[in-house]
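Shown next, in structure tokens, is the structure this report addresses.
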Amino acid sequence: MRNLSFYLTNLTNLLNFLFPFLIKIPSKSLPVQIETMVSLVSRTGRNLQRYEKGYRLVVGCIPYRYKKSQEPTSVEELEVLVISAQNGQGMLFPKGGWENDESMVEAAMRETEEEAGVIGVVGDKLGPWQYKSKRSCIMHESYMFPLLVQEELDSWPESKTRKRRWVSINEAREVCHNWWMRDALEELVSRRRLNPQAQG
């Protein structure tokens, strides 16, 4: 059993090391097995994390859709996707560290695919918000992006550890346990009311 654990740990480390190089290779050039393995591994560790003025930079998305169609008509038709926290306590929007080898939008989309298993069109940036981590004394500066969902994956890197659920705006206000994520949601709702035709 120890050999299997050692093998899996090293395989994960190898894939994390190769990930930045493999994602630049056109998917048609990769064997299907390698493409699938790479897409099912979450990045781990904080050695590539971005910090600015002592703040850890965090980015994420508010995945959304319209109940009846993809045509924007009103905020009341809007649904957002929430995911369970890693510790199982409460729901939130997908987010994580912005790393040195990616743009802010790339990081937000990566985190959303890893944690929530959705892909879509990113809108204009929301934020920033500053908050202190509950688990440590580290200060974070966070940004969120609206993401109009176009595809829900059946398998994604954190599908075994997180649940995802479509909810109304009002339910998201109740279940999302991070104050700054609720603020980001309000900013998104406000934008949609001012310009229902905008992507985000």
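The values are calculated or read from the model by the stated rules, or taken from the named source; none is laboratory data. Note that the coordinates shown come from a computational prediction; the quantities given were computed from them, not determined experimentally. Cβ: placed from backbone, ideal geometry, glycine included. Neighbour counts: every protein chain shown. For the accessible areas, the whole protein counts, side chains as well, though only heavy atoms, and no ligand, DNA or RNA atoms are used. Shrake-Rupley method; radii C 1.70, N 1.55, O 1.52, S 1.80 Å.
A few points about this structure:
- Scanning segment 101-121 for residues that are in contact with a strand residue (DSSP E or B) (Cβ under 6 Å, 6 or more places away or on another chain) and open to solvent by less than 40 Å² (accessible area, probe 1.4 Å) turns up Met104, Ala107, Ala108, Glu111, Thr112, Glu115, Ala116, Val118, Gly120.
- Of the residues Gln150, Gln89, the single one that is exposed (fewer than 14 other Cβ atoms within 10 Å of the Cβ), more than 16 Å from Arg192 (Cβ to Cβ) and under 15 Å from the mean Cα position of the chain (by Cα) is Gln150.
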